[in-house]
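Since the structure comes first, as C-alpha cells, the remarks are kept for the end.
None of the figures in this text is laboratory data; all of them are computed from the coordinates on show. Only a predicted model underlies this, so the values are computations on that prediction, with no experimental measurement involved.
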Amino acid sequence: MKQLILICALTLGTVLAPLPAAAHKVIAGVFASGDAIEGELGFSNGDMAVAQEVVVTGPDGAELGRTVTDEDGFFLFTPTSAVAHTFYADMGAGHIAEVTMPAKEVAEIMGVAAEVVETAVPVPAVGEGAVMLASLSAEERAVIAEAVRAEVRPLRREIAAYREHNDLQTILGGIGYIVGLFGIGFYVAARKKLAA
C-alpha cells in the first residue's frame, strides 16, 4: 500500500510540475547609417520591440538623448558628440537591451577626427574603359541609405532566427538522419546480397 501511495505521489508531482519556459534572447545591435546611428531591438524568436523607448548615454553615464523604435523594432539617433554611445532599453519581464557604439565609430559617422587612408588607384586613359568618379549630394546619400536599410532589415532578422534555431539539438538531429539513411542503405545492400 505504501508503494502505491508513493507511486501516486510521484506521478502527481510529475504531472503538476511546471513546464520549462521557452527562453528567448534579446537582440540588440547598432550600426552606422549615413549621418545617424541605426539600431535594432527585438527577441531571438522574431518578435521585435515596437514603440520601445531607448535611452542613450555617454561614457560618463550622462544622458545624451532618447529615441523610440518603429513598428519593425528599428530606431535612429543622430549623435551630437563624438563619444561612445550606449543604448539602453528595459523591454520588460527582465529583458534588458544594452549595446554600445565605440567613440571611433561615432566620430566616423560625424565626420570628425576620422582618419582617411587614401590609396592611389590607376585610372585608365580615356577610351580604355575610363572610370568616371562622381560625388553624391546629401539628399542622394540619404535616399541610398534608406533603400539599403530597407533591404538589410529582413536579412538581419533571418540571420538572428537562423542562429537561434540552429543549436546543438538541431545539429545532432541532422547527424541522426544521416546515420539513419546509411542504416537503410546498408540494410538494402545486405538484403540484395542475401537474395543473390
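Counting only residues 5 or more places away or on other chains, whose amide H sits under 5 Å from the amide H of Ala84 once H atoms are built in the peptide plane?
Here the answer is Ala103, since their amide H atoms fall under 5 Å of that of Ala84.
I need the phi-derived Karplus couplings for the stretch 58-75: 6.51 cos²θ - 1.76 cosθ + 1.60, θ = phi - 60°, integer Hz, Gly and Pro marked x.
Coupling constants for the stretch 58-75: x, x, 8, x, 6, 6, 9, x, 9, 8, 10, 6, 8, 5, 9, x, 9, 9 Hz.
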